[in-house]
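Novice: There's a structure below that I have some questions on.
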Amino acid sequence: MFRFLSILLFCIASTCSIASDTTSVQVQFKFNEYSLTEEARLQLDEIKPLDSSITLTNIKIYGFTDQVGSNGYNNKLSDKRAAEVKKYLIGTGIDAGIITIVQGKGEDGLVVDRMDEASRQQNRRVLVMITYDAKVVEETVILRSSRKKDTTAKKPTLIDKIKDSTTKAGDNIALQNINFEGGRHVFLPQSTNGLNELLATMQAIPSLVIEIQGHICCEIGEIDGVDMDLGSRDLSVQRARAVYQYLFRNGIDVGRMSYKGFGHKFPITKEETEAEKTTNRRVEIKIISK
């Protein structure tokens, strides 16, 4: 096959400006509860931007209930739901100073006024309104490319490996090129292709159920590392969860995946060079069923 290698000759940045915009996130709650579900936490995790060009400027939080219960009880429950979301957002590192409204609205503002369970579930919610500034850079790019024949054999894709009849439930597959910054659960830039391949595999094989397994480097023995962003000693868990979050926010059902961290229990190479350390900061998937 042929692979075309592009050589970038130059890039001209023409303008740079700041654009303000708003968006919203809505999370739901179980009946008569104000604790966050795992799905709600994943949704709220998406609010804090990883892109340094985006700055959150204002957050407003509104809690709601369904129609069951007295007005007084529902007002208190909606207050608790809103307060729980605020507490969680601050825990993710969002500045409490930009959260300007935390308000329970009880039964006001029903999404659906019917009384069947599915309709009432839609009303058990918190609405988070977010205002942010984003740096916009417009560029004029001129590209020229040279073509070079690649005669190497095609490597099997992740889909190929999983569909292979020799791959069975219980097998582990290392995800290629999904790696992390040292001490963090932040993906290295070169992880994008590996994450996209995993997503494409989950989409192409809808029966596939996996456990996402995180690993770390550079600790003595089997202990887990400290996550520099959270201050907790569960770095391998957070790395597995980062992949879980990526799949979730791209439409993969939570029932098809779980995550687990193994600390430094299973290094696969020495850790004498930075490349070797990066190799051990890895994620694998265990096939639960396919």
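Read-outs throughout are calculated quantities, based only on the coordinates presented, and are distinct from any laboratory measurement. From a predicted model like this one, the values you see are computed outputs, not experimental measurements. Glycine also receives a Cβ, built like all others from the backbone with ideal geometry; neighbour counts cover every protein chain displayed.
Novice: Among the GluC sites (Glu not before Pro) in region 195-233, which ones are in a DSSP loop with at most 13 other Cβ atoms within 10 Å of the Cβ? Mind listing them? Spell out each step's value before the answer.
Specialist: Working: sites: GLU197, GLU211, GLU219, GLU222; in loops: GLU219, GLU222.
Loop-located and lightly packed - GLU222.
Novice: Which whole number in µm²/s is D for region 156-289 by Stokes-Einstein, with the Kirkwood Rh taken over Cα pairs at 20 °C and 1.002 mPa s? Write out the running numbers ahead of the final one.
Specialist: Working: Rh = 14.9 Å.
It diffuses with D of about 144 µm²/s by this estimate.
Novice: Sticking with this one: Please report the net charge: other residues with Cβ closer than 13 Å to the Cβ of THR201, K and R +1, D and E -1. List each step's numbers first, then the result.
Specialist: Working: positive: LYS161, LYS163, ARG256, LYS290; negative: ASP160, ASP164, GLU197.
Neighbour charge sum, excluding THR201 itself: +1.
Novice: For region 13-135, what's the relative contact order in percent, using C-alpha pairs closer than 8 Å and at least 6 residues apart? Don't skip to the answer; put the middle values down first.
Specialist: On the way: 237 pairs, mean separation 54.1, N = 123.
Relative CO of region 13-135 lands at 44 percent.
Novice: Do any GluC sites (Glu not before Pro) in region 237-290 lie in a loop, going by DSSP, with at most 10 other beta-carbon atoms within 10 Å of their beta carbon, and if so which? Kindly include the intermediate steps, with their values, before the conclusion.
Specialist: Values: sites: GLU271, GLU272, GLU274, GLU276, GLU284; in loops: GLU271, GLU272.
Answer in residue order: GLU272.
Novice: Treating only the Cβ of Lys, Arg, Asp and Glu as charged (+1, +1, -1, -1), what charge dipole size does region 14-117 show about its Cα centre? Round to the nearest 20 debye. Kindly include the intermediate steps, with their values, before the conclusion.
Specialist: Values: 11 positive and 16 negative charges, 77 e Å.
That gives region 14-117 a dipole magnitude of about 380 debye.
Novice: How far apart, in nm, are the 7 Å Cα→Cβ label points at PHE31 and LYS48?
Specialist: 3.5
Novice: Could you give the dipole magnitude of the chain about its Cα centre, charging the beta-carbon of Lys and Arg +1 and that of Asp and Glu -1, in debye to the nearest 20?
Specialist: On the way: 39 positive and 38 negative charges, 146 e Å.
Dipole about the Cα centre, nearest 20: 700 debye.
Novice: For GLN245, what is the net charge nearby, where nearby means another residue's Cβ is under 9 Å from its Cβ and Lys, Arg count +1, Asp, Glu -1? Present the calculation step by step, with values, prior to reporting the outcome.
Specialist: Values: positive: ARG241, ARG249; negative: ASP45, GLU46.
Here the count lands on 0.
Novice: What full-extension length gain, to one decimal in nm, is calculated for ASP164 and PHE262 as 0.36 nm per residue of separation minus the Cα-Cα distance? Working shown, then result.
Specialist: Details: separation 98, 0.36 × 98 = 35.28 nm, distance 2.67 nm.
So the extension gain works out to 32.6 nm.
Novice: Hey, what number do you get for the chain at 222 nm if only DSSP H runs of n ≥ 4 count, each worth -39500 (n - 2.57), divided across all residues, to the nearest 500? It would help to have the intermediate numbers written out before the result.
Specialist: Details: 7 runs with 77 residues, N = 290.
That comes out to -8000 deg cm²/dmol.
Novice: For a 21 Å ceiling on Cα separation, which of these pairs sit above it: LYS86/LYS260; LYS60/LYS86; LYS155/LYS270; LYS168/LYS277; LYS161/LYS277; LYS270/LYS290? Don't jump to the answer; show the numbers that get you there.
Specialist: Numbers: LYS86/LYS260 27 Å; LYS60/LYS86 9 Å; LYS155/LYS270 26 Å; LYS168/LYS277 29 Å; LYS161/LYS277 26 Å; LYS270/LYS290 33 Å.
Result: LYS86/LYS260; LYS155/LYS270; LYS168/LYS277; LYS161/LYS277; LYS270/LYS290 exceed 21 Å.
Novice: Explain nothing, just the number: relative contact order of the chain, from Cα pairs under 8 Å at least 6 residues apart, as a whole percent. Don't skip to the answer; put the middle values down first.
Specialist: On the way: 575 pairs, mean separation 62.1, N = 290.
Over the chain, the number comes to 21 percent.
Novice: By how many nm would the segment from LYS155 to ASP133 grow when fully extended, if each residue of separation counts as 0.36 nm and the alpha-carbon distance is taken off? Kindly include the intermediate steps, with their values, before the conclusion.
Specialist: Numbers: separation 22, 0.36 × 22 = 7.92 nm, distance 4.25 nm.
Separation in residues times 0.36 nm, less the Cα-Cα distance, equals 3.7 nm.
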